[in-house]
Each structure stands twice: as structure tokens, then as C-alpha cells.
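Inspection log for the structure reproduced underneath, given as C-alpha cells.
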2 protein chains.
Amino acid sequence: MITIKDVARKAGVSISTVSRTLSGNIPVADETRNKVLQAVKDLGYQPNAFAQGLRNGKSRAIGLIIPNFRSLVFPQMINGISDTVNKHGYTLVLSKTEENLMLEKEYIDNLRHKLIDGLIVSTATKDSSHLLELKKEKFPLVLVIRRLEDQVDAVITDNLQGAFEGTKLLISRGYKDICLMNGKLELDLYRCRYAGFEKAMHEAELEIKKELVRHDIDSWEDSYREMIRVFDEGYFPDAVFATSDPKAFGIMKAIKEKGYSIPGDIAVLGFDNIEMSALVDPPLTTIAQSFYQIGVRSAERVIKLINSKRNYKPVIENVPVELIIRQSVGDKTKIES
Amino acid sequence: MITIKDVARKAGVSISTVSRTLSGNIPVADETRNKVLQAVKDLGYQPNAFAQGLRNGKSRAIGLIIPNFRSLVFPQMINGISDTVNKHGYTLVLSKTEENLMLEKEYIDNLRHKLIDGLIVSTATKDSSHLLELKKEKFPLVLVIRRLEDQVDAVITDNLQGAFEGTKLLISRGYKDICLMNGKLELDLYRCRYAGFEKAMHEAELEIKKELVRHDIDSWEDSYREMIRVFDEGYFPDAVFATSDPKAFGIMKAIKEKGYSIPGDIAVLGFDNIEMSALVDPPLTTIAQSFYQIGVRSAERVIKLINSKRNYKPVIENVPVELIIRQSVGDKTKIES
DNA sequence: CTGAAAGCGCTTACAG
DNA sequence: CTGAAAGCGCTTACAG
């Protein structure tokens, strides 16, 4: 391994000078600098990151904790995080908790005392004391997609607004009997989407039928079964708003299996705009989250926190949504008139 | 930050003893050990990973380089890698190259001199000199899904066998006029799948129509367009073998748009078994790759390489495939008899 | 502008 | 079994 000593010897200067040349923080004579840079190049020298870390207390690495890789929302988000982190010369360290709080605490503890300068977290559990603890120690921490009230920096989709606009679209297209297939209510994002739905229905003075509001649906298999159940219980909504695209896929499958058409008999609206949504039959109308953007913003935020001594107060950044209109929602006003 | 000195003071011993107690490599009196462990616990001491890294030349971190997060095969694979790496007390460092060779070289260089003990790589470019270089330096390196002849350790799907079995299934179901929608021929895995297809066709003494073999198809959008082109050119295969599930989705979309039925008019066979494949309409018959398993094996392999001084010769591990039979392939022999 | 020296927090050969 | 000391490769205050 080539060390700073080798470079110093080759350049005929002291190791201090090599270090100063490379850091750029302290002036070095032009001639000296050139000799050093030439030696660095000739030898292919790269500073030892452990020694630098030990000295500086910085690793230039950022940790990312996500619950799993199954959800189709994470890849795009990681993409944004990865690009941004690399752009700023950081390395990305990844951990996955499978929603296991013990594991999460363990990983955070490890990373904390190891090789990261900041942390991005995308899990959400009922007990978040360990995260608040980190925050209290002023450790650079940002939540993505998930949030913890207003206590910790977070970058999230404007879920309420998204669900509000989506529901308004359905209403404007003449749908009245809207079924909501919602995720786990313990998650803030699903509470917000529910609130957005309610807000739009109230504004339009439409009735929300309790029997058509189903919470705690977690996957496309779940929503498929639940939709079959809706039919079996004798309900027949004219539209279904699924608060995630995978849920929408399950619902489409159920509707088709029962022999109904989309959007002819029942319209389907999703939330997410994952890649597959353009591809299903019929293509899904949905509320697009900018996962890549969300990733970018969260990474920029941690880096900002890392570089600032001051104690910023937490910022909750709402990334706007976009309505993507495809064929799974029709226009009842036209058909019936 | 709590250091080994604090622990030593609290336990009333020297820092050497604390270190020895924690490492477990060198005998320590029971009584002493207990005092130390108690102090460690009381103080919540965690050794500084930089200091350890500097001293030991080991980081207990493993790097992973993938081309992108778009492909649906990576999440499951990363999942397997992540679980395995963590199980062995390692941390996972992630980089993504967007198929950019310059970036790839840069990241490898960075990681190499930084914080990783071993590297898993899933990119494949024409110029792999930098990987062979690493291998020559005896740096622990494993390729996944991709391979570099027999020179570097690799964990891959048995692509030839998979394509062979898939094609045989089509043939056994009475399909004869089979269209192959294949990926980039510059990738070994697509050459192997092509070879498996050819082998099955030859064994069955069926003709491979050149016009029905299309290579270098890269996405579902590509395969959609190419399938439309096949129809527009006046061909009408009775089955299409797409060498990846996303390609199969594009093909299904094209077939449906042209008003044909699957598998009634045309059967579709995929390769991958990504999660979505069970969900499309009709559910896709496909050749399942065990991405999770592949991830696990590759991680186990790097760790083995890291822990062995000896110079293992490269092992190419073929992970078996599984035929997943769903509704996108019918049975012509029954229909026509 | 430059060099010699201290020190970051560990581990381990050396001495006892 | 245990302690004092050297050294891993850096950075930076100190002195010149």
C-alpha cells in the first residue's frame, strides 16, 4: 500500500506538505505543489480512509436504512440518494431492517459508531425513541417518505394533496360511489391520503360509505382479496381509489376476474406511479410521487446537516405530486349524457 | 465519544487488557474480564471503527456495484446479499454505475482504498481490465448474474439450462413457430439463453426462423415495439419466448393491442419470475431465477475469499432455475386434437 | 511557505 | 495474566 510517506519521499518534501497540498486548505508554493501532485500521480496514491477518518472524525459515508427491497418505491428513491451522495463525494452504506425494530436499533448503533457521517431512514415503527435520541445528539438524520411529526427532518410526498387531487379527478369524471382501499392507518402517509380523500368528498358533498372504506391493506394480494370480498358482500362501487399502485393492480385483477370492465364498469385510481403502472391493462391512472426527487432532496438535506455546525430546526419538505391520467379512469359524464 | 481509555479507567485496568478482553484472541483472567465487560456495558462503549480499520487493515464492509436500480432483478438480489453480509457482521456499501465504465472504475478505486474488504460486482462491460486487475491483486471479488469467462469468481443463473427447459415446455405443448425476443448479445447471459433456445429447437428438429429471432431488445418498451413490428412485417408466431419478464410484458401488451388472445392465439414465455409476473393478465409462465439465493451465494463467496489467505481458484457457481407454469402458455396438443 | 512533532483510538509484540 | 510502548496513516497547531 502506498502511503503519504512514499509520496513525500518521491517528491522530496515532508509528509506535512503532501497532506497540505492534497487538502488544499493551507497554501503551498506552486512549484512544491506540482512536485507533490506529480508524485501522487506517478505512485497512484490514494489516502487511507481509516487514517483520515480517525483523524478527522469524518468518513464521508452516509447510511441509508430501509425496511425492505420488495416495495417498488425504494429503488427509484435509492437511485436519487445514490446519485446525490456520490455527486458530493460521499459513499452510501445500506441497511435493511425487514421492519424489525431490534435490527433497526442494532444497525443504527453499529453505523453510528462506525463509518457514517449522516443517516437517512425510511422505516417507521411505533417506537421511534432511538431516532429521537439520535436527533437529540445532533447527529445528522433525515427521514424519507416516512415522518416523525415535526421533530425530525423529513422529505415526504404531499400525500394529502395527492389523494385530494386524485379523488377530485374521480369526482369530476362523474364517479360518486367511490371505494377507498387504504394502507395501514398506523402510517402517517396513509392517514394523510385518507384525509385527502375525505376532504375531496366533503367538498363535493358526496357521501363516504363506511362499507366502501377499507384500511390496513398491505399488498396486491391483500387488495385483490379485499376487492373480491367487496363484491361478495354485494357492493358495487363505480370507482376504486387504491392508495398505492400495487394495491390498484390487485384490484384490477379482482375486477377482471369477476368479469367487469375497467373503466367501463369500475374506474381504478392508484397512487405512486411505479414503472409498471404504464404497462398494466388498462394503463393505470395514478398520482405520481417523484421518488427520485425525494431521494435527491433527502440526500441533499443530510449533507447540509453534516456540513452545518448550527442547529437547524427540523424541516419537513413536501414534494409535490403529479396526476398521471391514463385509461383506467374514464369519463362518466360523457358516457351518460 | 467513549474510548477504550474511559473503559480502562472505569475498570481499573490498562487499555491493553480492555482490548484483549474484547477481541477474545488472548486469554484474560475471568475476574478481570468481568470488570471490563461491566465497564463496557455501563459506558455503552463501542470501539472506533476507524482506529480498528487503521490498525487491522480491515473494515468489515463489503462493496456492491450494480448498473442501476431500474431492473427488477436487483432488489431481490441485494436483499440476499444484505441479509448474508449482515449475518456475518459486515456492512454493505452500495454504488451504482449507470453502465458508465468511467464511473465504475472510479467507484472501485475509491472503495478499494477506502472502506471495503471485498467487492461484489454485477455490471458487465466490454472492458473489464480493471476487474481482472483487482483479481490479480488477490482482492476478494465476486461477480453476480454477470460473468467474466472463468477468470473471476461468479454466481450466475444456469441460463442455458433455463432457456432450454423453457423452450422444451413450449415445444411439448405443441408450439412450433416460436419467436425469440432476446436481450443484448454482448452479454454472456443472453448468449447462453439463445444457446439454450437453439439447443431445444435442434433437439426437437424444429426450424428456427431467422425472421423470428430478434436480439438486442432491452426493455419492455423495446419489445413492445419489436412485437408490433413482427406483426406489421406479416409474421404470426404461435409462441413468443421473451428472455426476460419485462420484455414479456411488452410483448403481451402488443399482442393484446393487436386484438389477439394469450395464449389462445399466441403463447408467451418469460424469464426471471419477478414479482409482477404473477399479476399480469394472463399470469406469465416463466423461468424463475432465484435472485435472493444468488445474492446469498455471492455474499458467502466474497466472505469466504476475505477470510482465506489461500489463493482459491475461481469458481463459477450455477444456480438452478425453476419452471413456473402459469396461464400465458396453453396446450396446443389438447386444443387441436 | 515548510518541517518536526503530537495525537486521533486502536492492537499486539515485548517484557515481566 | 497484565502493562507500557510502538505504530498503523493521517492532519494540523507550533515554530521557524
Residue-averaged beta-carbon neighbours from other chains (10 angstrom radius) around B:91-100: 5
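Using Cα-Cα distances under 8 Å and only pairs 6 or more residues apart, what relative contact order does chain A have, in percent?
With pairs under 8 Å counted, the relative contact order is 18 percent.
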Charge dipole (debye, nearest 20) of the protein assembly as shown; +1 at Cβ of Lys and Arg, -1 at Cβ of Asp and Glu: 3560
Specify the residue with the greatest mean-square fluctuation among B:Glu149, B:Glu31, B:Glu211, computed from a Gaussian network of chain B linking alpha-carbon atoms under 10 Å apart. B:Glu31
Net charge over other residues, Cβ less than 13 angstrom from the Cβ of A:Ile303 (K, R count +1; D, E count -1): +2
How big is the B/A interface in buried accessible area, both sides summed, 1.4 Å probe, to the nearest 100 Å²? 4300
In whole percent, and with a 1.4 Å probe on the protein chains, what portion of the accessible area of chain A is carbon and sulfur? 48
12 Å beta-carbon shell around B:Glu275, net charge (K/R +1, D/E -1): -2
GNM of chain A, Cα pairs under 10 angstrom: of A:Pro47, A:Pro237, A:Pro140, the biggest fluctuation goes to A:Pro47
With the dipole of chain A worked out from charges on the C-beta (+1 for Lys and Arg, -1 for Asp and Glu) around the Cα centre, which of A:Phe69, A:Leu141, A:Ser129 lies farthest toward the positive end? A:Leu141
Limiting things to C-alpha atoms, what are the Rg and the maximum Cα-Cα separation (Dmax) for the range B:4-47, in angstroms? 8.9, 23
Roughly how tilted is helix A:245-257, in degrees to the nearest 10 and between 0 and 90, from the longest Cα axis of chain A? 30
Highest-fluctuation residue, B:Asn182, B:Asn48, B:Asn25 considered, GNM on chain B with Cα pairs under 10 Å: B:Asn25
Mean accessible area per residue over chain B (1.4 angstrom probe, all protein chains present, square angstrom) is 45
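What shape does the protein assembly as shown take by its C-alpha gyration tensor, where a ≥ b ≥ c are the square roots of the eigenvalues and a/c under 1.5 counts as rounded, a/b above b/c as prolate, and the rest as oblate?
oblate
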Specify whether the C-alpha gyration tensor of the range A:61-124 places it in the rounded, prolate or oblate class, a ≥ b ≥ c being the square roots of the eigenvalues: rounded for a/c under 1.5, otherwise prolate if a/b is larger than b/c and oblate if not. oblate
What is the dipole size for the range A:4-47, taken about its Cα centre, with +1 at each Lys and Arg Cβ and -1 at each Asp and Glu Cβ, in debye to the nearest 20? 100
Between copies, how far apart are the A:Ala29 label points? List them in nm, one decimal, shortest first, with each point 7 Å from Cα toward Cβ, please? 5.9
How far, in degrees from 0 to 90, does helix B:220-232 lean away from the longest principal axis of the Cα atoms of chain B, to the nearest 10? 10
Counting other chain Cβ atoms within 10 Å of each Cβ in B:76-83 and taking the mean gives 3
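The values are calculated or read from the model by the stated rules, or taken from the named source; none is laboratory data. Computed from a prediction, not measured in an experiment: that's the story for all the values here. A quick note on method: Cβ atoms are made from the backbone with ideal geometry, for glycine too, and the neighbour counts reach across all protein chains shown. All accessible areas refer to the heavy atoms of the entire protein, side chains included, with ligands and DNA or RNA removed. Shrake-Rupley method; radii C 1.70, N 1.55, O 1.52, S 1.80 Å.
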